[in-house]
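S.K.: Take a look at the following structure, please.
The values are calculated or read from the model by the stated rules, or taken from the named source; none is laboratory data. Everything numeric in this text was worked out from a predicted model, so none of it was measured. Here the Cβ positions follow ideal geometry from the backbone for every residue, glycine too, while neighbour counts run over all protein chains shown. Only protein heavy atoms, including side chains, enter the accessible area calculation; ligands, DNA and RNA are left aside. Shrake-Rupley method; radii C 1.70, N 1.55, O 1.52, S 1.80 Å.
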Amino acid sequence: MTYASWEPRHRVTTIRPGKLDLFAVTFIDGRRATVDPILDYEAALTKAEAFLRDHRCQVKVLPMTGTEVRNLLGIGLPDHPEPIDAAVRQQIIDTLTQVVCESSDADARGDAVALLTAMGVFRP
C-alpha cells in the first residue's frame with residue numbers, strides 16, 4: 001500500500017468541522033500560524049488559500065475542540081475551579097435548562113443534562 005498523494009505538494013488541506021469543534025487552527029509548514037473561532041472557519045480557509053498563492057508551502061486549517069487547543073497550547077486546567085457567584089450560577093442553569101427544553105440536538109441536550117446533574121440541579 002502506498003500513501004503517495006497525487007495532490008499538488010503545496011496546497012491547503014482541511015477537514016470539515018465537527019459538532020464539538022470550537023476553533024480553526026491554521027498551520028503553515030507544521031507551525032501554528034493562527035487560532036480562530038470556528039465561526040471564522042470559512043474566513044480562515046480563504047486566508048489560507050490567499051497565502052498559498054504567494055508562498056510555496058503546506059497549509060492546514062484544522063478544526064479543533066477546546067481540549068485539543070488547550071493541549072496544543074499547553075494550557076492546563078486548575079486543580080480546583082474558582083467558585084462562581086449566585087447570579088452567574090443561575091444564568092448557567094437557565095441557559096442549560098433552555099438547551100434541555102428547546103434544542104433539537106440530542107447531543108447538546110444530553111450534555112446539558114449531564115452538566116445540570118453535575119451541578120446538583122438534577123438528581124441522578
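S.K.: Mind checking which residues of the stretch 39-50 are closer than 12 Å to THR14 by Cβ, under 15 Å from the mean Cα position of the chain (by Cα) and not acidic (Asp, Glu)?
M.R.: Matches in the stretch 39-50: TYR41, ALA44.
S.K.: Could I ask something else about it? Got at least one residue in the stretch 63-76 being at pLDDT 95 or above, hydrophobic (A, V, I, L, M, F, W, C) and either farther than 30 Å from MET119 by Cβ or open to solvent by 90 Å² or more (accessible area, probe 1.4 Å) (or both)?
M.R.: no
S.K.: Same structure, new question: Just to be sure, is ASP111 open to solvent by less than 60 Å² (accessible area, probe 1.4 Å) and either in contact with a His (Cβ under 6 Å, 6 or more places away or on another chain) or of a type in the set (D, E, K, R) (or both)?
M.R.: No, not satisfied.
S.K.: Being surrounded by 11 or more Cβ atoms within 10 Å (Cβ to Cβ), within 21 Å of LEU20 (Cα to Cα) and of a type outside the set (Ser, Thr, Tyr) is the requirement here; does ALA118 meet it?
M.R.: No, not satisfied.
S.K.: Right, here's the next one. Tell me which of these LYS60 doesn't satisfy, since it passes every other one: (1) surrounded by 10 or more Cβ atoms within 10 Å (Cβ to Cβ); (2) within 30 Å of ALA106 (Cβ to Cβ); (3) over 10 Å from the mean Cα position of the chain (by Cα).
M.R.: Every listed condition holds for LYS60 apart from (2).
S.K.: While we're looking at this one, here's another question. Quick check, is ARG53 closer than 26 Å to HIS10 by Cα, under 19 Å from the mean Cα position of the chain (by Cα), open to solvent by 50 Å² or more (accessible area, probe 1.4 Å) and at pLDDT 90 or above?
M.R.: When the stated conditions are applied, ARG53 does not pass them.
Rundown of residues vs (1) in contact (Cβ under 8 Å) with a residue 12 or more places away in the chain; (2) of a type in the set (S, T, N, Q); (3) closer than 30 Å to ARG9 by Cβ, yes/no style:
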position: VAL25; (1), (2), (3): yes, no, yes
position: LEU62; (1), (2), (3): yes, no, yes
position: ASN71; (1), (2), (3): no, yes, yes
position: GLY74; (1), (2), (3): no, no, no
position: HIS80; (1), (2), (3): no, no, no
position: VAL88; (1), (2), (3): no, no, no
position: VAL100; (1), (2), (3): yes, no, no
position: VAL121; (1), (2), (3): yes, no, no
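S.K.: If we scan the stretch 107-114, do we find a residue that is more than 20 Å from the chain's Cα centre (by Cα), at pLDDT 90 or above and not in a strand (DSSP E or B)?
M.R.: Within the stretch 107-114, one or more residues are more than 20 Å from the chain's Cα centre (by Cα), at pLDDT 90 or above and not in a strand (DSSP E or B).
S.K.: Same structure, new question: Any residue at all in the stretch 88-104 that's surrounded by 12 or more Cβ atoms within 10 Å (Cβ to Cβ) and closer than 26 Å to ARG16 by Cα?
M.R.: Yes; the residues of the stretch 88-104 include at least one that is surrounded by 12 or more Cβ atoms within 10 Å (Cβ to Cβ) and closer than 26 Å to ARG16 by Cα.
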